[in-house]
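Engineer: Have a look at this one.
The values are calculated or read from the model by the stated rules, or taken from the named source; none is laboratory data. The structure presented is a predicted model; accordingly, all values stated were derived computationally and were not measured. Ideal geometry is used to build each Cβ from the backbone, glycine not excepted, and the neighbour counts take in all protein chains shown. These area figures cover heavy atoms from the full protein model, side chains too; ligands, DNA and RNA do not enter into them. Shrake-Rupley method; radii C 1.70, N 1.55, O 1.52, S 1.80 Å.
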Amino acid sequence: QVQLVESGGGLVQSGESLRLSCAASGSISRLSVMGWYRQAAGKERELVATISNTTTNYADSAKSRFTISRNDNTVYLQMNDLKPEDTAVYYCNARHRDWRRLWIDYWGRGTQVTVSS
């Protein structure tokens, strides 16, 4: 099992920055991908960014403004030039493949990011 705990959300004004952190504990050695997703009110959860040992991947809305990084058991999301449309609950995700090569996903409880105009 893997446990994920997010931190760093809050209320900021448009154009400001935030850094989200997600600390993983438990069976972290087999995690192959970690990332961030977000869900705005009334919308479906969407990918923000992911990171593996070899690559990073960003949603179009996050490119040039957000940076994902990982240090051991913690994944970060640096968010710059925040916009009101970035307002959402941000969820940390971690995943690995099981013996059938199927993805096993773990989720944090989420941290609220609110950007005022």
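Engineer: Within the range 3-30, work out how many residues are surrounded by fewer than 21 Cβ atoms within 10 Å (Cβ to Cβ), closer than 20 Å to residue 95 by Cβ and not charged (D, E, K, R).
Structural biologist: Of the residues in that region, 9 qualify.
Engineer: For the range 90-117, give me each residue that is in contact (Cβ under 8 Å) with a residue 60 or more places away in the chain, of a type outside the set (Phe, Trp, Tyr) and not in a loop (DSSP other than H, G, I, E, B). Spell out how you get there, then give the answer.
Structural biologist: First, the residues of the range 90-117 that are in contact (Cβ under 8 Å) with a residue 60 or more places away in the chain: 90-97, 106-117.
Going one step further and asking which of them are of a type outside the set (Phe, Trp, Tyr), we end up with 92-97, 108-117.
Once the filter is applied, which keeps residues that are in contact (Cβ under 8 Å) with a residue 60 or more places away in the chain, of a type outside the set (Phe, Trp, Tyr) and not in a loop (DSSP other than H, G, I, E, B), the range 90-117 yields 92, 93, 94, 95, 96, 97, 111, 112, 113, 114, 115, 116.
Engineer: Quick check, is residue 75 among the β-branched types (Val, Ile, Thr), under 18 Å from residue 46 (Cα atoms) and within 16 Å of the chain's Cα centre (by Cα)?
Structural biologist: For residue 75, the condition - among the β-branched types (Val, Ile, Thr), under 18 Å from residue 46 (Cα atoms) and within 16 Å of the chain's Cα centre (by Cα) - is met.
Engineer: State which residue is nearest to residue 106 (Cα to Cα) when the search covers only the range 4-44 and only residues that are charged (D, E, K, R) and at pLDDT 95 or above.
Structural biologist: 6
Engineer: Hey, among the residues in the range 40-57 that are more than 11 Å from the chain's Cα centre (by Cα) and assigned to a strand (DSSP E or B), which one's farthest from residue 89 (Cα to Cα)?
Structural biologist: Initially, the range 40-57 is screened for residues more than 11 Å from the chain's Cα centre (by Cα), giving 40-45, 52-57.
From what is left, the residues that are assigned to a strand (DSSP E or B) are 56-57.
Values: 56: 21, 57: 19 Å.
Top of the filtered list is 56.
Engineer: Name, by its number, the condition in (1) polar (S, T, N, Q); (2) more than 11 Å from the chain's Cα centre (by Cα); (3) open to solvent by 70 Å² or more (accessible area, probe 1.4 Å) that does not hold for residue 67.
Structural biologist: (2)
Engineer: Name the residues in the range 11-39 that are within 15 Å of the chain's Cα centre (by Cα), more than 18 Å from residue 62 (Cα to Cα), in a strand (DSSP E or B) and not hydrophobic (A, V, I, L, M, F, W, C), would you?
Structural biologist: none
Engineer: While we're looking at this one, here's another question. Only one of 81, 60 is loosely packed, with under 11 Cβ neighbours inside 10 Å, in a loop (DSSP other than H, G, I, E, B) and modelled with pLDDT of 95 or more; which? Give the derivation first.
Structural biologist: Details: 81 fails: loosely packed, with under 11 Cβ neighbours inside 10 Å.
After ruling out the rest, the residue left standing is 60.
Engineer: Do the conditions hold for residue 67, that is, is it in contact (Cβ under 8 Å) with a residue 24 or more places away in the chain and in a strand (DSSP E or B)?
Structural biologist: For residue 67, the condition - in contact (Cβ under 8 Å) with a residue 24 or more places away in the chain and in a strand (DSSP E or B) - is not met.
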